[in-house]
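Here it is, the structure in full.
Just so you know, all these numbers are worked out from the coordinates, no wet-lab data involved. These numbers were taken from a predicted model, which means no experiment stands behind them. Backbone-built Cβ (ideal geometry, glycine too); neighbour counts: all protein chains shown.
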Amino acid sequence: MTTLKNVLIINALSSGATGLILAIFPSYIAGLFGAAQTMPFVAVGIFLIIFAAIVFTQGRKNPPSTGWIKLIIVLDTLWVIESLMIIAAEMFGLTAIGYYSIGAVAFWVALMAFLQLKGLRQLNIAG
């Protein structure tokens, strides 16, 4: 059974892993994306590591804070919207693999947001 806590932990682990990869290997990722600068990848990596820590903390709470869960869902939703804008406008002149990667991550984040929203609604019904 998919519970809110499980989804939060999965979100935290996937966000944290992505953040670490971006922060530790920015030159490699920038090369795949066809980007000249590495700092944006490091910055996004650091953001994701902090985000993952917040999500993980909420996933371990019993019950998680509905206010924090709402914020996590909003941040995930904004990530998806911004990703779609980057892809649709072909911003930053990235490679195809860059745009496909952004799209794949956006799909995953949208799934996390959907499952978290579903879990939040179940939490509100039970509470």
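Give the stretch 14-44 a look and list any residue that's closer than 17 Å to Ala104 by Cα, under 15 Å from the mean Cα position of the chain (by Cα) and without any contact (Cβ under 8 Å) to a residue 40 or more places away in the chain, or say none.
Answer for the stretch 14-44, where residues must be closer than 17 Å to Ala104 by Cα, under 15 Å from the mean Cα position of the chain (by Cα) and without any contact (Cβ under 8 Å) to a residue 40 or more places away in the chain: Ala17, Gly19, Ile21, Leu22, Phe41, Val44.
State all residues of the stretch 76-127 that are farther than 21 Å from Asn6 by Cβ and polar (S, T, N, Q); if no residue qualifies, say none.
Ser83, Thr95, Ser101 - these are the residues of the stretch 76-127 that are farther than 21 Å from Asn6 by Cβ and polar (S, T, N, Q).
Of the numbered conditions (1) surrounded by fewer than 16 Cβ atoms within 10 Å (Cβ to Cβ); (2) under 21 Å from Phe114 (Cβ atoms), Leu20 satisfies every one except a single condition; which is it?
For Leu20, the failing item is (2).
For the stretch 70-99, how many residues meet the condition of being among the hydroxyl-bearing types (Ser, Thr, Tyr) and under 30 Å from Asn124 (Cβ atoms)?
Qualifying residue count, the stretch 70-99: 2.
Determine the pairs where a residue that is within 14 Å of Arg121 (Cα to Cα), located within the stretch 56-69, has a partner that is charged (D, E, K, R) with Cβ atoms under 8 Å apart, the partner being 6 or more residues away or on another chain.
What qualifies is Pro64/Lys5.
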